[in-house]
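Starting off with a structure, shown below.
The values are calculated or read from the model by the stated rules, or taken from the named source; none is laboratory data. Being a predicted model, the structure only gives us computed values, none of them experimental. Cβ coordinates were reconstructed from backbone atoms using ideal geometry, including for glycine residues, and neighbour counts include every protein chain displayed. Ligands, DNA and RNA are excluded from the accessible area calculation, which covers all protein heavy atoms including side chains. Shrake-Rupley method; radii C 1.70, N 1.55, O 1.52, S 1.80 Å.
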Amino acid sequence: MNPLPLSSQLKQLLPRGRILDSPAQLAGYAADALGYKSYLPDAVVIPADADELVGFMKGARQLGVPVILRGAGTSLSGGPVAAQGGVVVHTSGLKRIREINVEGFWCEVECGVALNDLDAALKPHGVFYPPDPSSGPVCTLGGNVASNAGGAHCFRYGVTSNYVLGVEVVLLDGSVQRFGGPAGGRGPWREDWKRFMIGSEGTLGAFTRFWLRLLPLPEKVWTLRATYPDLRSIEAAIHALVAHSSYPAAIEMLDPRGVAMVETSQMAVGLPKGSFMLLLEIDGPPALVDARVGPVADLLRHAGSNDVVLSDQDAMRQKLWKARKAAGGLLGQLSPDYVVQDAVIPKSALADVLQLVYDEADAAGIRAVNVFHAGDGNLHPNFLFDSRVPGELEKVELISERLMRRVIEVGGTLSGEHGIGNDKSAYMPLVFGPDSMRLQWAVPAAFNPTHQLNPLKVFQNRRFAT
Ligand SMILES: Cc1cc2nc3c(=O)[nH]c(=O)nc-3n(C[C@H](O)[C@H](O)[C@H](O)COP(=O)(O)OP(=O)(O)OC[C@H]3O[C@@H](n4cnc5c(N)ncnc54)[C@H](O)[C@@H]3O)c2cc1C
């Protein structure tokens, strides 16, 4: 172990300007988007490029403290926080889009590129990268790959893992490994290790670069919004849509509490009080989607909506999306704190699980709002509370645990897209037995035997031991 103080050791690994250690600077890195759980790191480093990141990783073992990779810090699961102290590595310097290969339908990007910056760079080439978490303006591709992010259009297009062709990663010994590449495949290794890397939540190594699969931009998009008086009818609409040959790209839902939140805000769009809102998109060749949009609108009406609005014009489509897009931001404004759960359930259990959310939240006097990816059964109950009020956090944690137990009972699982982090690590044994947990634990242990990388994440007791 190096006897020098941490700040002196860091100065040996990186230029002085790349190290932050004043309390005011560190405070900005204490939490992710779940702001109520904060952990002050001992230091933050901001490598200017991949070479500096490699230099840091080469010396990191000697530091004797945890190392936590961080993109934009928009995680909703307590992922990029220093739960056991240590050094946060902010990847904002690695933000080059290195190549857009239109003929090959792939691009090569550094981990700190913001998702929407990639979208903007791809658009003029007539191609796109489908995963679209709502945090797109700021979240980074590094964070997306590490948490296997999803988004509104994943019902048809799939999640991040469906688009990662290759990963470059720096391990704790400073070695740089590539798994896959522009052509996909396994790279020099026999096993497809890039699959282990995707969703590894910063526990295996530091990603520097990715090769990502692109698709041609859809020629035409129709957006449809419908409201329903009750859960039974919106459920019928979702089931019919899932089975319909139009195969929507997105099927999103806002419950009446979410509708009320939007309609009592400055973002009001005139949705009927007490209604459930469904938003969907179909895309593809103009002749095909123009032929399909009528039957889809009929399907929505047949399920019980007398309020179906649709458009293929960009400005109007944005208006139809407004309530759904505004909801995330409003949650943060309405309440000092909120927790969003990320359970995936079989769609047949939607009414059962939503009712549990309402019953539990109402009994505890906690406000609950549901805004979610209904097509995937990816539920996002948001619990609004004030962590300064004694007992409120405990109430929310109890509701979350009961919710997760029910989710598992109905055949669901803990996370669809946000990852486990430290927020859901306590629930892992609800899904996985001891043998499965042992095997899963063996993966970070193989890459990182002392668990120096992002300890206390994914597995509740996965501590860094010096
Ligand atoms: C308003 C809002 C809406 C959201 N909507 C969605 C949504 O629709 N779908 C969705 O999936 N998520 C959503 N999220 C959650 C979040 O934006 C995603 O999880 C996103 O992928 C995190 O990216 P980030 O750059 O902020 O990563 P961070 O939060 O900084 O980190 C996330 C995880 O990635 C690891 N990590 C980051 N960079 C690297 C790297 N270079 N190498 C190794 N590990 C790394 C971290 O250690 C951490 O475990 C939303 C969040 C907010 C606040």
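Working only within the range 59-98, note down all residues that are in a loop (DSSP other than H, G, I, E, B), within 25 Å of A465 (Cα to Cα) and among the hydrophobic types (A, V, I, L, M, F, W, C).
Correct list: V65, V81, A82.
Name the one entry in V407, V340, V396 that is among the β-branched types (V, I, T) and within 16 Å of the ligand (Cβ to nearest atom).
Details: V407 fails: within 16 Å of the ligand (Cβ to nearest atom); V396 fails: within 16 Å of the ligand (Cβ to nearest atom).
Result of the check over V407, V340, V396: V340.
Among the residues of the range 330-355, how many are open to solvent by less than 30 Å² (accessible area, probe 1.4 Å) and either under 22 Å from L393 (Cβ atoms) or part of a helix (DSSP H, G or I) (or both)?
Of the residues in that region, 13 qualify.
Just give me the residues in the range 99-120 being more than 12 Å from the ligand (Cβ to nearest atom) and assigned to a loop (DSSP other than H, G, I, E, B), in sequence order.
V102, E103, G104, F105
Return the residues of the range 7-35 that are surrounded by fewer than 18 Cβ atoms within 10 Å (Cβ to Cβ) and either under 14 Å from T91 (Cα atoms) or in contact with an Asp or Glu (Cβ under 6 Å, 6 or more places away or on another chain) (or both); say none if nothing qualifies.
Scanning the range 7-35 gives a single hit, S7.
Of all residues being open to solvent by 20 Å² or more (accessible area, probe 1.4 Å) and β-branched (V, I, T) in the range 405-419, which is farthest from P455 (Cα to Cα)? Just the residue, please.
Among those that are open to solvent by 20 Å² or more (accessible area, probe 1.4 Å) and β-branched (V, I, T), it is V410.
Look through G185, G174 and report the one residue that is assigned to a loop (DSSP other than H, G, I, E, B), more than 24 Å from I68 (Cβ to Cβ), away from the ligand (no atom under 13 Å from the Cβ) and in the same structural domain as L69 (by TED's automatic domain parsing).
Of G185, G174, the one residue that is assigned to a loop (DSSP other than H, G, I, E, B), more than 24 Å from I68 (Cβ to Cβ), away from the ligand (no atom under 13 Å from the Cβ) and in the same structural domain as L69 (by TED's automatic domain parsing) is G185.
Provide a single number: the residues in the range 36-56 that are open to solvent by 10 Å² or more (accessible area, probe 1.4 Å) and either hydrophobic (A, V, I, L, M, F, W, C) or within 10 Å of the ligand (Cβ to nearest atom) (or both).
5
Scan the range 325-340 and report the pairs whose first residue is assigned by TED's automatic domain parsing to the domain that holds G258 and closer than 20 Å to S38 by Cα and whose second residue is open to solvent by less than 20 Å² (accessible area, probe 1.4 Å) and within 12 Å of the ligand (Cβ to nearest atom), with Cβ atoms within less than 6 Å and a gap of 6+ or a chain change.
Close Cβ pairs (under 6 Å, with a partner that is open to solvent by less than 20 Å² (accessible area, probe 1.4 Å) and within 12 Å of the ligand (Cβ to nearest atom)) amount to L331/N382; Y338/L331; Y338/N382; V340/H380; V340/N382.
With the condition kept exactly as written, say whether any residue in the range 184-205 is over 29 Å from A326 (Cα atoms) and among the acidic types (D, E).
Checked the range 184-205: at least one residue is over 29 Å from A326 (Cα atoms) and among the acidic types (D, E).
Let me ask you something else. Select from the range 106-121 the residues that are over 21 Å from N148 (Cβ atoms) and open to solvent by 40 Å² or more (accessible area, probe 1.4 Å) and list them in ascending order. Reasoning before the result, please.
Initial filter on the range 106-121 (over 21 Å from N148 (Cβ atoms)): 120-121.
Within the range 106-121, A120 is the sole residue that qualifies.
Take the range 361-401 and flag every residue that is touching a strand residue (DSSP E or B) at 6+ places or on another chain (Cβ under 6 Å) and assigned to a helix (DSSP H, G or I).
Residues satisfying the conditions are A361, A374, G375, E392, V396.
For the range 1-46, give me each residue that is closer than 30 Å to Q333 by Cβ, without any contact (Cβ under 8 Å) to a residue 60 or more places away in the chain and in contact with a Ser or Thr (Cβ under 9 Å, 6 or more places away or on another chain).
A27, A30, A31, I46, listed by residue number.
Just to be sure before I move on: is Y358 surrounded by fewer than 21 Cβ atoms within 10 Å (Cβ to Cβ) and either in a loop (DSSP other than H, G, I, E, B) or not assigned by TED's automatic domain parsing to the domain that holds G35 (or both) in the structure I sent?
Taking the combined requirement at face value, the residue satisfies it.
Now for a separate question. I need the full set of residues from the range 166-204 which are touching a Lys or Arg at 6+ places or on another chain (Cβ under 6 Å), over 19 Å from P449 (Cβ atoms), of a type outside the set (G, A, S) and buried (at least 22 other Cβ atoms within 10 Å of the Cβ), in order please.
Within the range 166-204, V167, E168, F179 qualify.
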